[in-house]
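So the structure is just underneath, and the comments pick up after that.
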Amino acid sequence: MEIKISLDEYADVPFIKKLLSQIKGVKNVEITEDDKTYSWEEIENSDEFKQLIEQSRNQIKNGEYEEFSDELIDSIFK
């Protein structure tokens, strides 16, 4: 079974991918753009991903984040 999700250009793709990969039953998460498929390894090793992770760490360090409750996560994925 597959699920297709369309994202806008500003979507936090690494976060979404990591979130989806932690859900029980999810075997694989792939990102496609303009008919190109990127593997998780390609994404993790990209400079863009490293910049996003650094930006995310800085935002967390500066208190610029939102915490989501288990109830919200459950309501989205159940």
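What follows draws every value from the coordinates through simple rules; no lab data is involved. Being a predicted model, the structure only gives us computed values, none of them experimental. So basically every Cβ, Gly included, is an ideal-geometry build from the backbone, and we count neighbours across all protein chains shown.
Loop-resident chymotrypsin sites (Phe, Trp or Tyr not before Pro) (DSSP state other than H, G, I, E or B) in region 1-49 with no more than 16 further Cβ atoms inside 10 Å of their Cβ: Y10.
Counting Lys +1, Arg +1, Asp -1, Glu -1, what net charge surrounds L52 among other residues with beta carbon under 13 Å of its beta carbon? Please list the in-between numbers first.
Working: positive: K17, K18, K50, R57; negative: D12, E44, D47, E48, E54.
Here the count lands on -1.
Count Lys and Arg as plus one, Asp and Glu as minus one, and take only other residues whose Cβ is under 13 Å from that of L20; the net charge is then +2.
Distance between the modelled labels on W40 and I53, one decimal in nanometres: 1.3 nm (7 Å Cα→Cβ projection).
Beyond 19 Å between alpha-carbons counts as too far, so tell me which of K4/K78; K27/K50; K24/K78; K36/K78 fall in that bin.
On the way: K4/K78 16 Å; K27/K50 24 Å; K24/K78 12 Å; K36/K78 30 Å.
Over 19 Å Cα-Cα: K27/K50; K36/K78.
Among I31, I3, I53, sorting on how many other beta-carbon atoms sit within 10 Å of each Cβ, with the fewest leading, yields I3, I53, I31.
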